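Q: One structure is given below, represented as structure tokens, and several questions about it will come after.
The values are calculated or read from the model by the stated rules, or taken from the named source; none is laboratory data. These figures come from a predicted structure and were not determined experimentally. As a convention, Cβ positions derive from the backbone with ideal geometry for all residues, glycine included, and neighbour counts pool all protein chains shown.
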Amino acid sequence: MEKSSRETFFITTPIYYVNDVPHIGHAYTTIIADALSRFKKLTGKEVFFLTGTDEHGQKIEKSAAEKGLKPLELADRMVGRFKDLWNELNIEYDYFIRTTQPFHEKGVQKIFQTLKDKGDIYKGIYEGYYCVSDENFLAEDVPLEDDGHKVCPDCGKKAGKVSEECYFFKLSAYQEDLLEFYEKNPEFVRPQSRMNEITSFVRQGLRDLSITRTTVQWAIPVADDPEHTIYVWFDALHNYLTGIGYDWNEDLYAKFWPPTVHLIGKDILRFHAVFWPAFLMAAGFPLPKTVFGHGWWLKDKTKMSKSKGNVLDPHIILKTFGTDPLRYFLLREIPIGLDGNFSHEGFVHRVNSDLANDLGNLLQRTLTMISNYFGGTIEHMDEENPQDVALRTDMNSVKEIVFNHYENYAINRALEEVWVYLNSVNKYLAANEPWKLAKNETQTNRLARVLYQAAAAIRAIAYLIYPVLPDSAKKIWEYLGEPNPLTEETYKDLAFNNFKLGRKIQKPEPLFPRIGLKDFLEEKETESKKAVKEEKMDIISFQEFKRMDLRVGEILNAERVEGTDKLLKINVDIGSEQRQMVAGIAETYAPEDLIGKKLIVIVNLQPAVIRGVESQAMLLAAEMDGKAYIPFFVEDLPAGAKVL
């Protein structure tokens, strides 16, 4: 099947583990991918942008058990949070893949069987140290600690020794093929420093890779040997194939494979630049063009991670500033290949200086003057003078420079160039002083030319920043009276004089209101306190606490309370009797999923009637983002057992 007649661009993010809430690190990768995707669409390419979630493995199995959930229940919950954040960040992905989808599992099993039949997968005994946190086997040269454990060099957690029968992939057989491929395709790993790192690693020698487990149940089973489940990284990497239609949508697959760029964090580079191309070589698939290992956002000069308790919640920033300022800061502050240290002071300064002062003020004063001096419409103007010509021709030069930076994934450089031009527009206005020209009736046509030049430049600036600041760019386009959407103008057709006389200008609202650091930090503190609001409770004595009768309750049945969205009516066994409760948990749990679960119930509260239904007890739950989450017992405790 032939590819599309239009040139294609297939970009992917990593798929994100569902045992962790989405944070700035996840947002950063996905915003980069979204900006590149939007840029490529402007250039006329047919784009496919794939993201999703990694839902198998021991780590997720363990996290779900700790929460009293089935692994799929945990995955379902966290998928919603990722999708909600991508919506808030204005991420326009084409497909969101989940590794628990049947077509993905089937595709992985098919590829596994192909490699097994070929002889590239064989059965043996694995002995070594395994890090549950990173779902990774440690290298032999990681030193042994005094207590008999090894410490994972990536996450710092202890790795235990395992010995079990498993299937191996013949990674060692592809060492020379990989080195030859790297030599012929120097753009395969970017930036260059990471290609050097990968080449050096492979030259040191590759060992065959264990790719199944017998002790992990929450995984894809080997089709003809179901006691073995497929190693999570073999499973996860193949999402890039199944997500683009392998084995279920051959037209989609034929159009877009192989990927143009896999966008990943540098910590998972070896999986994508060594294991993944070896798997593809073995199975006969064309290899991706580029694996781009971007840097990390650090907090206090340390990589953000849930275990270190230093992750930044993007929702707090979004609530205070909105979407575009966060997108701009993350992509403007550092080159994609380097690490950046997040500071609230730096963020506020960047937003106030670049967005509010430079861009916001330029837009505000230019369009306000057009509204005040010409009723919002410029009909006639003088011919260009040399200053006017320079502003127009400089835009053409900037357009080409910005194009090349976007093409090379240097988004921060593209934004730098746009802001250099933006500041030249500010200088142009200062030099021509339109506010003075407005006082002289003989200078009306000159005034019109100056304001037209500024507005035409602003139009071009809006177009060039659209991939990073899509909402703001679209608003500017509308303020300028453009009749067609910004995305209908292709990049090659962008021209200074595309801003036509007679456009009806609207007076703009401030795009980027200035926010003080103090206000931002106060908002952050307020949001943080919501997560620990129990600290604000009144202090009670131990005797008062003892008055509460807490028991283990087993849910016998549950159903929705008619006429409500949030309430469930639950019958619970508390040992000596059965009680009826009404609880606001319907947004978090389906009634059928609760049956048989054991939880903590307060049984000596005074009964209350809620929506016409008597509630004779109360369950304990935590609240997050307006939803209730119940701490279920994993242990098989008898109903009615006292909770101390």
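Q: Could you check how many residues of segment 152-206 are of a type in the set (Phe, Trp, Tyr) and in a helix (DSSP H, G or I)? Outline the logic, then answer.
A: To start, the set of residues in segment 152-206 that are of a type in the set (Phe, Trp, Tyr) comprises 167-169, 174, 181-182, 188, 201.
With the extra rule that they be in a helix (DSSP H, G or I), the set shrinks to 174, 181-182, 201.
Result for segment 152-206: 4.
Q: Say we look at segment 251-283 and pick out the residues that are modelled with pLDDT under 95 and charged (D, E, K, R); which of these is nearest to PHE10 (Cα to Cα)?
A: Once the filter is applied, the top-ranked residue is LYS266.
Q: If you check ALA27 against the conditions, is it more than 20 Å from SER133 (Cα to Cα) and either modelled with pLDDT of 90 or more or surrounded by 17 or more Cβ atoms within 10 Å (Cβ to Cβ) (or both)?
A: Details: more than 20 Å from SER133 (Cα to Cα): yes; either modelled with pLDDT of 90 or more or surrounded by 17 or more Cβ atoms within 10 Å (Cβ to Cβ) (or both): yes.
Criteria met by ALA27.
Q: Being in a loop (DSSP other than H, G, I, E, B) and without any contact (Cβ under 8 Å) to a residue 60 or more places away in the chain is the filter here, so list the residues in segment 428-476 that pass it. Step through it out loud before you land on a result.
A: Filtering segment 428-476 down to residues in a loop (DSSP other than H, G, I, E, B) leaves 433, 438-440, 466-469.
Selection gives GLU433, LYS439, ASN440.
Q: Just one of the numbered conditions (1) part of a strand (DSSP E or B); (2) surrounded by 12 or more Cβ atoms within 10 Å (Cβ to Cβ); (3) not small (Gly, Ala, Ser) is not true of PHE234; which one?
A: Condition not satisfied by PHE234: (1).
Residues checked against (1) touching a strand residue (DSSP E or B) at 6+ places or on another chain (Cβ under 6 Å); (2) among the aliphatic types (A, V, I, L, M); (3) in a helix (DSSP H, G or I):
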| residue | (1), (2), (3) |
| --- | --- |
| ILE11 | yes, yes, no |
| TYR16 | yes, no, no |
| TYR28 | yes, no, yes |
| ALA35 | no, yes, yes |
| VAL47 | yes, yes, no |
| LEU50 | yes, yes, no |
| HIS56 | no, no, no |
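Q: Turning to a different aspect of this structure: Taking segment 338-364 as the search range and keeping residues that are of a type in the set (Asp, Glu) and under 21 Å from ILE32 (Cα atoms), which one is surrounded by the most Cβ atoms within 10 Å (Cβ to Cβ)? Steps first, answer last, please.
A: First, the residues of segment 338-364 that are of a type in the set (Asp, Glu): 339, 345, 354, 358.
Of the ones still in play, those that are also under 21 Å from ILE32 (Cα atoms) are 339, 354.
Working: ASP339: 14, ASP354: 19.
If we take residues in segment 338-364 being of a type in the set (Asp, Glu) and under 21 Å from ILE32 (Cα atoms), then ASP354 is surrounded by the most Cβ atoms within 10 Å (Cβ to Cβ).
Q: Still on this structure, please answer the following. Quickly run through segment 105-132 and pick out the residues that are in contact with a helix residue (DSSP H, G or I) (Cβ under 7 Å, 6 or more places away or on another chain), surrounded by fewer than 19 Cβ atoms within 10 Å (Cβ to Cβ) and part of a loop (DSSP other than H, G, I, E, B).
A: Scanning segment 105-132 gives a single hit, VAL132.
Q: As an exercise: evaluate ILE111 against (1) without any contact (Cβ under 8 Å) to a residue 24 or more places away in the chain; (2) closer than 17 Å to MET281 by Cβ and give the number of the one condition it does not meet.
A: All conditions pass for ILE111, except number (1).
Q: Do we have ASN185 as of a type outside the set (Lys, Arg), in the same structural domain as PRO277 (by TED's automatic domain parsing) and exposed (fewer than 13 other Cβ atoms within 10 Å of the Cβ) here?
A: On the way: of a type outside the set (Lys, Arg): yes; in the same structural domain as PRO277 (by TED's automatic domain parsing): yes; exposed (fewer than 13 other Cβ atoms within 10 Å of the Cβ): no.
So ASN185 does not fit the description; no.
Q: Residues of segment 551-604 being touching a helix residue (DSSP H, G or I) at 6+ places or on another chain (Cβ under 7 Å) and not in a strand (DSSP E or B), which ones?
A: The answer is ASP593, and nothing else.
Q: A further question follows. Condition first: closer than 20 Å to LEU550 by Cα, in a strand (DSSP E or B) and not aromatic (Phe, Trp, Tyr). Now tell me which residues in segment 605-644 satisfy that. Let's see the steps before the verdict.
A: Initially, segment 605-644 is screened for residues closer than 20 Å to LEU550 by Cα, giving 605-608, 614-623, 628-644.
If we keep only those that are in a strand (DSSP E or B) as well, we get 608, 614-615, 618-619, 622-623, 628-629, 642.
Correct list: ALA608, GLU614, SER615, MET618, LEU619, ALA622, GLU623, ALA628, LYS642.
Q: Can you tell which of LEU318, LEU298, LEU338, LEU287 is at pLDDT below 90 and assigned to a loop (DSSP other than H, G, I, E, B)?
A: Just a single option satisfies the conditions, and that option is LEU338.
Q: Given the options LEU85, LEU72, name the one that is of a type outside the set (D, E, K, R), surrounded by fewer than 18 Cβ atoms within 10 Å (Cβ to Cβ), part of a helix (DSSP H, G or I) and out of contact with any Lys or Arg (no Cβ under 6 Å at 6 or more places or on another chain).
A: Answer to the selection: LEU72.
Q: Could you list, in sequence order, the residues of segment 378-418 that are β-branched (Val, Ile, Thr) and either in a helix (DSSP H, G or I) or more than 18 Å from ALA454 (Cβ to Cβ) (or both)?
A: Here is the first cut: in segment 378-418, the residues β-branched (Val, Ile, Thr) are 378, 389, 393, 398, 401-402, 411, 418.
Matches in segment 378-418: VAL389, THR393, VAL398, ILE401, VAL402, ILE411, VAL418.
Q: Sticking with this structure for a sec: Being part of a loop (DSSP other than H, G, I, E, B) and charged (D, E, K, R) is the filter here; which residues of segment 88-104 pass it? Break it down into steps so the answer makes sense when it comes.
A: Restricting attention to segment 88-104, the residues satisfying the condition of being part of a loop (DSSP other than H, G, I, E, B) are 89-94, 99-101.
Scanning segment 88-104 gives GLU92, ASP94.
Q: What pairs come out if I take residues in segment 157-170 that are polar (S, T, N, Q) and pair them with residues that are buried (at least 16 other Cβ atoms within 10 Å of the Cβ) whose C-beta lies under 8 Å away, six or more apart or interchain?
A: Cβ pairs passing all conditions: SER163/TYR126.
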